[in-house]
Amino acid sequence: MELLWTLPLQNSEDSNLYGAHCAPRLASHLMRIVTVRRITQVFFLLLFIWFCVVTTIGVAWWQLRGWPVNWLLQLDPLVAVATMLSTQSLYWGLLWALVTVVLTIILGRFFCSWVCPFGTIHHFIGYLARRGKSVSARIALNKFHPAQHIKYYLLIFLLTAAAGSLLSNLLRVVPEKPVLFSAVVIFSLLGLAMLSLLRVIPDPKKALVTLLFLIGLWLGLGLLVPAAGLVAASLQTGLLDPIPLVHRSINLTLLPLAERISTSQRYYFGSWFIGAVFLTALLLNLRVPRFYCRFLCPLGALFGVLGAFSLWRIGAAESSTECSQCHLCDTDCEGACQPAENIRISECILCMNCMDSCPHNLVGYRTTTSEAGEIALPDLSRRVFLTSLVSGTVAIPIVRLEGLVGPNWQPSVIRPPGALAEPEFLGRCLKCGQCMRICPTNIIHPASLDSGLEGLWSPVLNFRIGTSGCQLNCIACSHICPTAAIRPISLDEKLGKGQFAQAGPIRMGTAFVDRGRCLPWAMDRPCIVCEENCPVSPKAIFTREYFSTVRGGAYRVLNIAGETLELGGPDLPQGQLATGDYYVMTTHGEKKHRWRIAQNTSTSVTVAASESLHAAPELESYISIQVKLQRPYVDPKLCIGCGICEHECPVSGKRAIRVTAENETRSPERSLLVRRS
Amino acid sequence: MNQRAQQHTTNRRDFLLRLLKGGIFIGAACSLSYWLYDAAGPGVVREVKDLVTLPDFSLPSLKGKMSIVTGGDRTEAIRRALDTMGGIETFIKKGDRVLLKVNAAFATPPILSATTNPQLVAEVAHLCYKAGASSVVVTDNPINDPASCFALTGIEEAATSAGAKVLVPKESFFQPTTVSAGVLIQNWPILWEPFQKINKVIGMAPVKDHHRSGASMIMKNWYGLLGGRRNIFHQDINTIITELAMMVKPTLVILDGTTAMMTNGPTGGSLSDLKQTNTMIVSTDQVAADAFGATLLGKTVADLLYIPRAESAGLGTADYEALSPVRVNVS
């Protein structure tokens, strides 16, 4: 690798080493730097796709075998930074982001055009789109555009939204710790006075006004804004962060189309929207190369800031006076960072195309700043910066006024087992779709707006789609979650065994029988498929026996011969009372007798031989034809909300037994039952 | 002006050319419309796939054989049971292609006995190969997620280690069938693909409590061959089980009553639902096997209506003693 770097540097310091005449000979032996970049890009793209493919449980060679399938998500520093803001902690795997951060500080924004799989896809489509275009047209396409600052504002917006809990803590100081608040105010005023006296601050009057304004704002908001849940951390970076975005898109829209690489056809409710966003992002490359990267990508913005003062950077060499201003370096510039002029370091994604295309070998990757001058940081407008900051601060509280995290929580939002309580969950969930891909039963789906705008694409369970309910012995989703929004649980904890016996199993919700749709409840038909499939022991679904007189079921006894009764009344359905579920009932005063029907014609029934007619009905008396039903009931104490009953219910449209989130373990306030210690 | 003049000179030729092109398009549009013209609209008849019928896998010369072995070791018990019938060679000949229909309905570990015991599967597959079978296929259409079921029940690993092939059902494996003497299984999808080229079928099921039908044993286990939304048949459970027994005529059935699920069936879920009943039943009569199995659950034939119904349908005998079963104790 060391050698590979030397070629582009031949016109800088290293040129002395090799001498100008050596350069062409070297070039034939060494790989061009852009070739190295392309190989790296293809490698990471294939690695990423491989990780997506293997995120499946099974025994085939291409299924999960301890591959670090979250590795790219963990390398993504926006995930790490945003969750650090929202949770004030760094979940173990996200420590990988430190590697990226350190490398970015040393090398610059390398991730975008060397690692990022989304970037690679854009890069390739952009390349295809500009093929055949004239050099001048391509130069025009790669001109810097002020709209490239949008991504920084988006980053600020998203990070401020993630920092909601920090803000909440700050506001709470005012009413809850007035002494601390007063101390901070006094010390900051004293500090200001001191600094003014020492003449460190040029304009003490202006500084004092600003300080008093900030204190007033803090005091006012602290007293006015209630602490309850509205001002809270909400992780929304995943909407635009390229790594979660591309994971989500591949997992939920592309891989399900390739049915052969899954054991059964996977469906994802609402995946069209994810696909539309993905496709739009890709198609925008036809307009401007790397449109997404240049204008929208918040991760790119973060790298832009981190890499602004990187040790190595692209720039024109000492001999830049030789630059003929041909702008050929702009021809394939991926970042639109104007390498020929004041290079914008924060926009440069180190595609190295400029070094390749400069006919005079003037552009290099070196430790010194560009001779042609450079702009390290993006020149953001203070006004827009503040607007983003304020918008990010107020967006989440306004969204939460819907009450979906509070009293208006939606019972249809059933989270996977191990999911944190909703406020904490929303502070961690990346919407990356890894849990949706790994779920062996395909019951985890991207939420629409059920859990609010903030919960878009977060995981919810759907028991109609998929191959079963939540499998009792499966904890895959909780172990794949890269941010512990679904925290890693053990099987013992899920099933309430061992040390968790006291706490009981993890409940995702509770099943409710819809008596208006249930066959035994509403339609006089035996069924109890739900009871049969309830996987817990003892079963959470139990039945009560009920004899229901069938429609028009009163008949007059015309004749009795052995076990056969001839009946007067409407025609009986030929043979259909012989299923073992139908009975003849007689009433003798208060006493009821029932005989199981073994056979029937349209005018007679024969009861089973073993059921002697000892209290035989009298001639001309009336009997009833009854069906024995086992009607299902749910014991909320035992139901874990796994949804297997809902999945199996033969009422295949709107199921007659359905799980909703009541009584879920993660929200004690939604408990159905009185809790006794 | 000049151009216009030129156009004038070529006008006729241009027009004829355009006329020709237009004519071709008009002609194409008309023919396409004529070709695709549909005066009636879609009718009521739906496309019906060709029906398939499972062949009779039973061996007429071996009717009514039964062996009941008591003992706690499944491997030992199945070997002895087969020995009393002349060894598995009586049923499986050289070059036979055998299908083992196991019960893999639930994604639960084998210790909970809700599914066919994996050791038993391995042993039977092994014996089949020893008798010269050319292939052994293990299949079921489970209730829980199929892949999870075969993995967690241990059946996949056991079968594969014995050299048998596990076929996890896919949409394309199903074909409709009709049981001619029945009323429920009419043009209903069954797990057909695994039966391709098969000439021997062995049904293998555990003895389990079942709330709706009373017990789930050999005959109920054929439910796992049905596809579609088969749960609707629970409305008439005794009829569907009888029809399933009509549909499948196995070479041999193995009813594993080593550990019976006494309560909370058919899922179980707790060791307290189980009881050691230490019995292995091997028979060529599935009705007799179930009739005996009922006794392990403390039930009688009269409690399980599908048994007398299957008997009266001529599928076997509920009076298993009439078959003079060989009784052996290996414990």
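With Cα atoms defining each centre, region A:169-183 and region A:204-223 are spaced 15 Å apart in the structure. Counting every other Cβ atom within 10 Å of each residue's Cβ, A:Lys591, B:Lys220 order from fewest to most as A:Lys591, B:Lys220. The Kirkwood hydrodynamic radius of region A:580-666, based on inverse pair distances between different Cα atoms, is 16.7 Å.
By the helix-only formula, in which each DSSP H run with n ≥ 4 contributes -39500 (n - 2.57) and the sum is divided by residues, chain A has a 222 nm mean residue ellipticity of -10500 deg cm²/dmol.
Counting only other chain Cβ atoms within 10 Å of each residue's Cβ, the peptide A:644-656 averages 2. Compute the Cα gyration tensor for region A:108-215, then decide on rounded, prolate or oblate, letting a ≥ b ≥ c be the square roots of its eigenvalues: rounded whenever a/c is under 1.5, prolate when a/b is larger than b/c in the other cases, and oblate in all that remain. Because a/c hits 1.5 or more and a/b exceeds b/c, region A:108-215 counts as prolate.
The Cα atoms of region B:100-209 give a gyration tensor whose axes a ≥ b ≥ c have a/c of 1.5 or more with a/b no greater than b/c, which makes the shape oblate. Normalised by residue count, region B:222-331 yields a Cα convex hull volume of 119 Å³ per residue. If you take every residue apart from A:Gly119 with its C-beta less than 15 Å away from the C-beta of A:Gly119, what net charge results, scoring Lys and Arg +1 and Asp and Glu -1? Once all neighbours under 15 Å are counted, the net charge is +1. Peptide B:149-155 has a mean shielding of 2, counted as Cβ atoms of other protein chains within 10 Å of each residue's Cβ.
Taking every Cα-Cα distance in region A:237-322 and sorting them into 5 Å bins from zero, the calculated P(r) comes out as 3, 12, 16, 16, 14, 12, 10, 6, 5, 3, 2, 1, 0 percent. For chain B, modelled as a GNM whose springs connect Cα atoms under 10 angstrom apart, the maximal fluctuation among B:Ile218, B:Ile143, B:Ile88 occurs at B:Ile143. The Cα trace of the protein assembly as shown gives Rg and Dmax of 37.5, 123 Å, the first to one decimal, the second as a whole number.
Report, in cubic angstrom per residue, the convex hull volume of the C-alpha atoms of chain B.
Working: hull volume 71.9 nm³, N = 331.
Normalising the Cα hull of chain B by residue number yields 217 Å³.
Computed about its Cα centre, the charge dipole of the protein assembly as shown is approximately 1880 debye, with only Lys, Arg, Asp and Glu carrying charge at their Cβ. The tail of the calculated P(r) for region A:183-315, taken as Cα-Cα distances beyond 25 Å, holds 62 percent of the pairs. Label-to-label distance, B:Lys170 versus A:Gln599, with points set 7 angstrom from Cα along the beta-carbon direction: 4.8 nm.
Kindly state, to the nearest 0.05, the FRET efficiency for B:Asp319 paired with A:Asp492, given R0 = 56 Å and r defined as their beta-carbon distance. Don't skip to the answer; put the middle values down first.
On the way: r = 48 Å, r/R0 = 0.86.
Given R0 = 56 Å and the Cβ-Cβ separation, E is 0.70.
In the distance distribution for region A:541-634, Cα-Cα pairs more than 22 Å apart total 23 percent.
Which angle between 0 and 90 degrees, to the nearest 10, do you get for helix A:178-197 versus the longest principal axis of chain A when only C-alpha atoms count? Helix A:178-197 sits roughly 10 degrees off the main axis of chain A. The order of B:Asp209, A:Asp203, going from fewest to most other C-beta atoms within 10 Å of their C-beta, is A:Asp203, B:Asp209.
Run through every distinct alpha carbon pair of region A:386-523 and return the Kirkwood hydrodynamic radius in angstroms, one decimal place.
16.6 Å
I need the Kirkwood Rh of region B:178-257: take the reciprocal of the average 1/r across all distinct C-alpha pairs and report it in angstrom.
Answer for region B:178-257: a Kirkwood hydrodynamic radius of 13.3 Å.
Taking the square roots of 5 times each eigenvalue of the Cα gyration tensor of region A:164-224, largest first, gives ellipsoid semi-axes of 25, 12, 9 Å. If you fit an axis through the alpha-carbon atoms of helix A:150-162 and take the longest principal axis of the Cα set of chain A, what angle between them do you get, 0 to 90°, nearest 10? For helix A:150-162, the angle is close to 50 degrees. Residue by residue along A:470-478, Cβ atoms of other protein chains within 10 Å of the local Cβ number 4 on average. Where only DSSP H runs of four or more residues are counted, chain B gives -9500 deg cm²/dmol as its mean residue ellipticity at 222 nm, each run worth -39500 (n - 2.57).
Packing, taken as the mean count of other beta carbons within 10 Å per residue, orders the peptides A:343-351, B:76-84 from highest to lowest as A:343-351, B:76-84. The Cβ shell under 15 Å around B:Glu171 holds other residues with a net charge of +3, Lys and Arg each +1, Asp and Glu each -1. Treating the Cα atoms of region B:122-173 as identical point scatterers in vacuum, please give the log10 of the normalised Debye intensity I(q)/I(0) at q = 0.13, 0.14, 0.30, 0.31 Å⁻¹, two decimals. Cα-only, vacuum Debye calculation for region B:122-173: -0.32, -0.36, -1.12, -1.16.
Pairs from the list B:Lys65/B:Lys101; A:Lys591/B:Lys299; A:Lys591/B:Lys208; A:Lys637/B:Lys101 with a Cα-Cα gap above 30 Å: A:Lys591/B:Lys208; A:Lys637/B:Lys101. Under 17 Å from the Cα of B:Lys275, which aspartates and glutamates turn up, not counting those fewer than eight places away in the same chain? Straight-distance partners of B:Lys275: B:Asp73, B:Asp209, B:Asp256. Taking 1.567 mPa s as the viscosity and 4 °C as the temperature, the Stokes-Einstein diffusion coefficient of region A:256-295 based on its alpha-carbon Kirkwood radius rounds to 108 µm²/s.
The residues neighbouring A:Val405, those whose beta-carbon lies less than 13 Å from its own, together hold a net charge of -2 under the Lys/Arg +1, Asp/Glu -1 convention. Over chain A, Cα pairs under 8 Å with separation of 6+ residues give a relative contact order of 14 percent. Note on A:Leu672 and A:Glu371: their simple-model spin labels are 7.8 nm apart, each label 7 Å out from Cα toward Cβ.
Bear in mind that the values in this text are calculations on the coordinates, not laboratory data. Just so you know, these numbers come straight off a predicted model, no measurement behind them. All Cβ positions, even for glycine, are placed from backbone atoms using ideal geometry, and neighbour counts span all protein chains on display.
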